[in-house]
Amino acid sequence: MKRLLAKKYDREKHGDSPPDYALLTQHTFDVVAACGAIADAAGYTTLCNLGLDEGTFEEFQLLLRANGWIQDLGKANSHFQVMVTAQPQLTQLLRHEVISGLLVWHDSRFRAWLTNFSYPITAAVWGAMGHHRKFDEQTAPKQVSNAEIYVNHHDFSEILTTMGKDLGVTAVPPTFAKALALGRPSGGLCDLRLPANLDDLIDEFEDLETDFETVNSRRLLASVKAFGVAADVVASAVAFARYNSQTESSVGDYVRESLVEIGLTTADLTSLIHKWAWDHIECDSVPRDESMLPPGFEVRAFQCQVAESKSCVTLARAGCGSGKSLAAYLWARNWCETSLDSGRSNFRLFFCLPTTGTATEHFKEYALESGIDSSLTHSRSTIDLRTIAETSPQEEKDEENSAAAEAACSLLNAERDKIESLNLWSTPLVVATADAILGLMVNARRAIYSFPAIMCGALVFDEVHAFDDQMFGHLLAFVKNFPRLPILLMTASLPEQRRRAIMAVRPDLCIVPGPKEFEELERYELINESGEEEIWRAVEECLADNGKVLWVRNQVEWANRTYLQCRSRFSDTVTNVYHSRLRYKDRSRRHRQVIDCFKRSNNALILVATQVAEMSLDLSADLLITDIAAIPALIQRMGRLNRRSTPDKPIPPKPAMIRSLPESEWAAEKPYHRSDIDAAELWLRYLKGLGHPLSQRDLSDAFARFCNDGEFDIAGAEERAWFFGVAGKSGLWRTRPGMTREEGYTVPVILKTDLEQCDERNRYGEPTSDWLRKHEVSIPFRESVLKWESVGTVRIAPPDFIEYDYDEATGEGTGAKWKSR
């Protein structure tokens with residue numbers, strides 16, 4: 001072979017002259033350059049967040065670069081080279097990164113050479129072998145023919161020579177007269193014998209776990225591994241983008257432009273604060289001037305206490321309507337100022353919300369819906385990351401997915417995660433699900449690719465009471481292992497066992513309670529309902545008094561059905577439906593319609609919504625009707641009832657009707673487990689037994705009463721946090737992705753009819769990223785989606801499959817659904 005390859009390329013276009021991005025030498029050089037650039041951009045900050053001193057930076061930097069050099073040495077094998085040239089579905093004897101580790105660890109010439117390295121090479125090797133998150137004790141060779149490793153190739157020699165100079169290894173690198181044989185001895189003489197040498201390597205790694213028993217050693221290892229994964233992705237993306245656009249931008253340029261030169265300013269956050277204040281005060285007599293706070297607006301003592309907390313982890317425990325969002329912006333502005341004072345201009349804010357049930361809503365709309373300036377939530381990358389230079393489907397697929405459709409879906413999600421994560425690097429304000437951050441604890445793609453950017457910011461985790469046990473365990477492991485990363489936790493209520501668990505891992509926790517007068521204000525009255533007619537009668541009575549009805553259903557189909565029933569029964573009343581099955585641009589318009597209607601006094605209206613009402617709608621209803629759901633979801637939904645009542649201007653309690661689900665609906669696919677509903681029924685029974693109107697404090701205390709069932713399993717949570725690992729238990733040399741929570745059932749698509757009318761295209765003739773973002777719509781996943789064509793990383797929905805109901809003139813409609821076939 002003339003040249004060794006790292007990536008596949010268009011052979012019809014280039015023949016036997018591969019472009020640079022496909023070469024093993026160039027890709028390796030790009031990965032190492034990315035390692036160096038990321039270390040310079042975010043290394044010191046990361047080590048500080050981990051509680052490590054600056055003296056570890058040199059070790060971290062060298063180990064990271066060594067990781068980059070080692071990652072793809074194993075691609076110089078006959079199986080891999082055939083796979084990226086002629087047979088993309090070829091089954092390899094062993095994955096390339098595992099071969100890299102075997103070479104460095106088991107070949108005596110390599111081991112002798114690397115004894116001259118400044119630090120023990122273990123962390124670099126473990127990081128390299130895990131950079132595709134597919135290595136642990138279950139790794140085994142496939143039942144295929146033996147392979148050759150082209151260690152005698154001139155490209156391989158060039159990599160070793162440059163590697164030695166870069167790492168300061170003064171000894172001459174090993175040279176090889178012939179290729180090494182890798183495989184089972186029964187297939188002939190082997191230099192690296194399988195499975196024996198792999199088993200020996202794993203045994204040695206298990207013995208070496210004792211070198212990583214201290215917290216600091218595990219944190220350093222985790223940072224080397226994560227930065228190495230990110231470096232590989234950015235090298236593949238930027239090199240391919242550079243080739244396609246014919247620009248001169250290097251990997252280092254991209255990293256600096258994304259991670260160093262972009263950040264929030266205190267002025268950005270002041271603008272957010274002013275806008276929030278104007279949006280939440282009735283001041284029609286004064287012209288709106290967002291350069292200042294509204295006349296007479298006062299920041300509450302609770303909000304000031306949150307903002308002024310000097311602890312790196314703060315818990316704001318306050319009910320709905322207390323102004324936690326403003327407290328978060330004030331808190332972020334103070335940390336931004338601290339960052340700027342220390343000489344860092346790349347401060348960014350991550351605002352994280354829990355997903356609801358099994359929905360995989362990414363809440364990218366939340367920023368716009370919350371009034372956040374959309375320019376702060378958009379990527380500012382100067383490089384068009386349209387796609388990633390990949391190896392082949394066989395190399396990149398999730399090996400756990402044996403079915404072809406599942407494997408294809410895994411590949412589609414992998415590419416999307418890589419591109420969106422890199423775009424996040426240059427986004428100063430990120431609004432996402434908590435999974436996007438806490439997935440780091442289980443090596444989830446999106447989180448680990450985003451790691452360098454996450455380390456440059458401050459994090460807000462909202463509604464932490466809604467986290468399931470697994471997600472809360474990941475939160476504990478996260479806050480424990482990043483003791484100097486600014487983190488704000490916010491919740492309407494938190495069981496005592498969870499508060500104790502946070503205190504156990506972070507004794508420096510600062511708890512700021514909500515204003516007592518807000519917490520104890522009676523807002524709600526639970527109404528018993530005996531059937532459908534009683535519900536309709538309550539709606540009719542509320543509307544007759546010019547009241548506003550919020551009706552929350554647990555599924556989109558149910559919400560659309562209830563919406564159509566309401567329109568039929570109350571044709572003269574403003575009625576709307578709000579859920580996630582709308583194009584982003586339509587959903588934003590719908591949101592504005594809903595908020596504006598609720599702000600108008602003395603006009604009756606009905607809003608039917610799904611779980612999106614729990615966290616992204618700042619409105620105040622006069623009647624709440626809701627399907628029974630998990631307790632945290634019900635607390636959030638009730639927070640949209642009588643929201644404008646304040647101690648200064650109290651409003652009499654408003655009725656809430658919690659609707660039981662008939663068995664016909666329980667039989668359908670549902671977002672809550674039966675155990676969640678059983679607990680909610682006990683909670684409701686207790687609240688009704690209090691015999692008086694309810695406050696936020698009542699809801700919170702009752703929640704704690706039914707959830708306080710023993711101490712939280714902190715040790716188990718740490719063991720499940722594979723990112724850091726526990727010696728002899730998990731992580732360390734093992735790198736596999738785990739689950740942050742149950743996967744969801746929706747997939748974003750672009751309607752083909754929209755694409756045909758697209759008039760916002762880039763220089764390649766493709767829709768711009770902004771246009772795609774505005775026109776994406778989520779639909780329930782079906783395997784047929786995988787057969788559709790794509791635009792970017794989004795599938796194109798043919799009109800024969802998807803029906804979209806929306807009237808551009810009136811803004812009415814029920815959104816997307818599958819057509820009956």
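Odds and ends about this structure:
- Backbone HN-Hα couplings from phi across segment 448-464 [Karplus 6.51/-1.76/1.60, Hz, Gly and Pro as x]: 6, 5, 8, 3, x, 6, 4, 5, 8, x, 10, 10, 10, 10, 8, 6, 5
- Heavy-atom accessible surface of the chain: percent carbon and sulfur, 1.4 Å: 47
- Which of PHE518, LEU582, PRO632, positive extreme of dipole for segment 517-642 (C-beta unit charges): LEU582
- Of the residues PRO671, GLY725, PHE598, the one whose Cα sits farthest towards the positive end of the charge dipole of the chain is PHE598 (charges of +1 on Lys and Arg Cβ, -1 on Asp and Glu Cβ, taken about the Cα centre).
- With Cα atoms, 0 to 90° folded angle of helix 404-425 axis to the chain main axis: 80
- Ignoring lysines fewer than eight residues from LYS688 along the same chain, the ones with Cα atoms less than 19 angstrom from its Cα are LYS654.
- Remark on ARG795: its backbone amide H falls under 5 Å from those of ILE750, a criterion applied only to residues 5 or more positions apart or on other chains, H modelled at 1.01 Å from N.
- In this structure segment 246-322 gives 50 Å² per residue of accessible area when probed at 1.4 Å with all protein chains present.
- Helix 57-70 vs. the chain, principal-axis angle (Cα, 0 to 90°, nearest 10): 70
- Remark: for residue pairs LYS649/LYS774; LYS134/LYS787; LYS75/LYS225, the C-alpha separation exceeds 31 Å in LYS649/LYS774.
- Gap separating the Cα centres of segment 547-605 and segment 671-694, nearest whole Å: 26
- A 1.4 Å probe run over the protein chains yields, for segment 675-821, 51 Å² of accessible area per residue, whole-number rounding.
- Using the 1.4 Å probe convention, the accessible area of segment 1-131 works out to 32 Å² per residue with neighbouring protein chains retained.
- Residue-by-residue Karplus 3J(HN,Hα) for segment 759-765, coefficients 6.51, -1.76, 1.60, Hz, glycine and proline x: 10, 10, 10, 8, 5, 8, x
- 3J(HN,Hα) along segment 139-153: 5, 8, x, 7, 7, 9, 5, 5, 10, 10, 10, 7, 5, 8, 6 Hz, from the Karplus curve 6.51 cos²θ - 1.76 cosθ + 1.60 with θ = phi - 60°, whole Hz, x for Gly and Pro.
- For the chain, the Cβ-based charge dipole about the Cα centre amounts to some 540 debye (Lys, Arg positive; Asp, Glu negative; other atoms uncharged).
- On Cα atoms only, tilt of 24-38 relative to the major axis of the chain in degrees: 50
- For the chain, share of DSSP beta bridges that run antiparallel, in % to the nearest 5: 30
- Cleavage-rule hits (trypsin sites (Lys or Arg not before Pro)) in segment 1-90: DSSP loop, at most 15 neighbouring Cβ within 10 angstrom: LYS2
- Across every pair of non-identical alpha carbons in the chain, the mean reciprocal distance, once inverted, gives a Kirkwood radius of 28.5 Å.
- CD proxy at 222 nm, helix term only [per DSSP H run n ≥ 4: -39500 (n - 2.57); per residue of the chain; nearest 500]: -12500 deg cm²/dmol
- Here, segment 476-601 is characterised by an Rg to Rh ratio of 1.10, where Rg is the alpha-carbon radius of gyration and Rh the Kirkwood radius.
- Inter-site label distance for LEU208 and ARG288 at 7 Å from Cα along Cβ, in nm: 6.0
- Within the shell of other residues whose beta carbon sits under 11 angstrom from the beta carbon of PRO141, the net charge comes to +3, with Lys and Arg scored +1 and Asp and Glu -1.
The values are calculated or read from the model by the stated rules, or taken from the named source; none is laboratory data. Please read these numbers as outputs of a predicted model, since none were measured by experiment. Glycine also receives a Cβ, built like all others from the backbone with ideal geometry; neighbour counts cover every protein chain displayed. Calculation scope for accessible area: heavy atoms of the full protein, side chains included, ligands and nucleic acids excluded. Shrake-Rupley method; radii C 1.70, N 1.55, O 1.52, S 1.80 Å.
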